[in-house]
1. For the structure I just gave you, tell me whether Val65 is surrounded by fewer than 14 Cβ atoms within 10 Å (Cβ to Cβ) and farther than 28 Å from Val37 by Cα.
2. I'd like to verify a number: residues in the stretch 45-75 that are closer than 30 Å to Gly30 by Cβ and in contact with a helix residue (DSSP H, G or I) (Cβ under 7 Å, 6 or more places away or on another chain), how many?
3. Just for the stretch 39-62: of the residues that are closer than 30 Å to Ile91 by Cα and surrounded by fewer than 12 Cβ atoms within 10 Å (Cβ to Cβ), which one is farthest from the chain's Cα centre (by Cα)?
4. Taking only pairs six or more apart or across chains, which ones have beta-carbon atoms under 8 Å, a first residue in the stretch 47-71 that is part of a helix (DSSP H, G or I), and a second residue that is hydroxyl-bearing (Ser, Thr, Tyr) and surrounded by 12 or more Cβ atoms within 10 Å (Cβ to Cβ)?
Amino acid sequence: MSLLFAIVNFLEITITDDGLIAAMKGLGAGIGAGIAVLTGLGSGIGQGLSAGLAAQGVARQPEAVSAIRSTMIVGQAVAETAGIYGLIVAILLIFVF
């Protein structure tokens, strides 16, 4: 029963001190940052698929190694930018809001 009174007392203090509003802002920013970091998951999957398919291409046509490698590196660089943008958004959400 004392735990219930402690929770009610805490909520009364945070509501009157506008602490609850600040806590909800922080919670929303944290959830948004977590979602933004998930872009790294997508870019990692894309890079893995790209590397796997490049390895298959080299196995099928060994003479086209340089063309396959350069195309794969450009594609992975483009895929990595999505993960970097997600990381930047997550950092901004955590430290600015």
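Read the figures in this text as sums done on the coordinates, not as results from a lab. For clarity, every value in this text was computed on a predicted model and none was experimentally measured. Because the Cβ atoms are built from the backbone with ideal geometry, glycine has one as well, and the counts that use them run over all protein chains shown.
1. Yes; evaluated as a whole, the condition is true for this residue.
2. 2
3. The residue in question is Ile45.
4. The qualifying pairs are Ala54/Thr71.
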